[in-house]
Structures are given as structure tokens and as C-alpha cells.
Amino acid sequence: EEALQQVTRMADLVNSLLTLARADEGRLDLHREPVSLLELARDVVETARLLGEGAGLTIDVPILEAAEVQGDATRLRQLFMNLVENAIKYSAAGGRVEITLARADGEVQFAVRDNGIGIAAADLPFIFERFWRADRARSRASERGGNGLGLAICQWIAHAHGGSLTVESRLGRGSRFVAHLPLSSNAA
């Protein structure tokens, strides 16, 4: 069982490295089409609730607005799920994770807020760098600690869709990650 877990972690690492290497070389194609983010967000929320239940967390979803973007549904789902999984991973049992999807100023914002361990202000400028690990406690907060590539991939996905990824966080009080994506021209 332990060997299988290690093999799975290594496979995840190799897949993440290949994704970033192909993206750097411009060889990672996005299959752009109209994507309903409302449907995508509902799917992510359903998965988040299952993961949250297993971790003893409450998943709140106060706002899910209809929005459409031109994008790659698979990559956008990867972006959203990574943000949700990180929020769950770094929150203690009994905590809360809030997921919102809202339109504002010609864009759509997918936001994930948690009341978990947070990120120190000194670490915030580095969190989107490859292999960056804020500190030992955060790096090993879970048995399935990541490889330090997830947020770099998330940032690439957001940028590849003409958007951005931002973070606000306070150590010991939690974090809020927001993926900003431009609405498709017919939806704006």
C-alpha cells in the first residue's frame, strides 16, 4: 500500500512536470470552446462536498452565477479543483470552505476561501513558483502533501485563458484564492 502511494505521488509529479514543460514550450494546446462555468462549478462543488465531508469540513456556496468563457473545460476544472483541494487540505476538521462564482466588471471570478492555516505574508510573493513550499508545517499538513507544482499550473491555466490568479492570506486565519477569467464576448 505504501509503495502504491509513492508510485501515485511520482506519477502525479511527472504529469505535473510534463504539463509545465509543454506549456513553457507552447506545445500544450487548449481546446477552446464555449464553457458554462456554472455547470463546471456545480460539478466542482459536488466533489468538494464529498471531500469536505470526509475531512470534517463545511462547504458553503453562497453565490453561483451563470457565466460563459471561451476555454478548455478540462483545464478549467483542473484549476478549480486544485484550489478547492488545497483549501480542504490546509483546513482543520470543523473548518469552513467557501466557494463562489460571480460576474464582475466584464469578468467572472471563481473564489475559494478557507479558514485554515493560511500563508505568511513573506511567503505570498513565492507561492506560484514551481516547487515552492511555504514551510515544513504547511508542506506536510497532509499525508498526501503536494509536489509544489499545483499553484504554478493553476496560474498557467488562468493566464492561458487570458485571466489571472490572485491570493489574499493571513497566517492562522486562512486564504482566499480567486481565478479571474474574461467572460466570452457574447456573454459580456
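The values are calculated or read from the model by the stated rules, or taken from the named source; none is laboratory data. Just so it is clear, the structure is predicted and the values come from calculations on it, not from any experiment. Here the Cβ is made from the backbone with ideal geometry for all residues, glycine too, and neighbour counts use every protein chain on show. These area figures cover heavy atoms from the full protein model, side chains too; ligands, DNA and RNA do not enter into them. Shrake-Rupley method; radii C 1.70, N 1.55, O 1.52, S 1.80 Å.
Mind checking which residues of the stretch 42-77 are in contact (Cβ under 8 Å) with a residue 40 or more places away in the chain, under 16 Å from the mean Cα position of the chain (by Cα) and surrounded by fewer than 16 Cβ atoms within 10 Å (Cβ to Cβ)? Hit for the stretch 42-77 is 74, nothing else. I'm trying to understand the selection: among the residues of the stretch 114-137, which are in contact with a Phe, Trp or Tyr (Cβ under 9 Å, 6 or more places away or on another chain), open to solvent by 50 Å² or more (accessible area, probe 1.4 Å) and modelled with pLDDT of 90 or more? Matches in the stretch 114-137: 117 only. Here the stretch 165-188 is the region considered, the condition is being small (Gly, Ala, Ser) and open to solvent by less than 40 Å² (accessible area, probe 1.4 Å), and the residue that is nearest to residue 95 (Cα to Cα) is 174.
Residues being farther than 20 Å from residue 152 by Cα, in a loop (DSSP other than H, G, I, E, B) and not hydrophobic (A, V, I, L, M, F, W, C) are represented in the stretch 55-66 by at least one member.
Which of the residues that make up the stretch 138-151 are touching a Phe, Trp or Tyr at 6+ places or on another chain (Cβ under 9 Å) and either at pLDDT 90 or above or surrounded by fewer than 19 Cβ atoms within 10 Å (Cβ to Cβ) (or both)? Before the answer, list the steps.
Just the residues of the stretch 138-151 that are touching a Phe, Trp or Tyr at 6+ places or on another chain (Cβ under 9 Å), to begin with: 138, 141-142, 147-149, 151.
Of everything in the stretch 138-151, those that are touching a Phe, Trp or Tyr at 6+ places or on another chain (Cβ under 9 Å) and either at pLDDT 90 or above or surrounded by fewer than 19 Cβ atoms within 10 Å (Cβ to Cβ) (or both) turn out to be 141, 142, 147, 148, 151.
For the stretch 3-48, a residue qualifies if it is modelled with pLDDT under 75, assigned to a helix (DSSP H, G or I) and of a type in the set (Asp, Glu), and the qualifying residues are 12, 24, 25.
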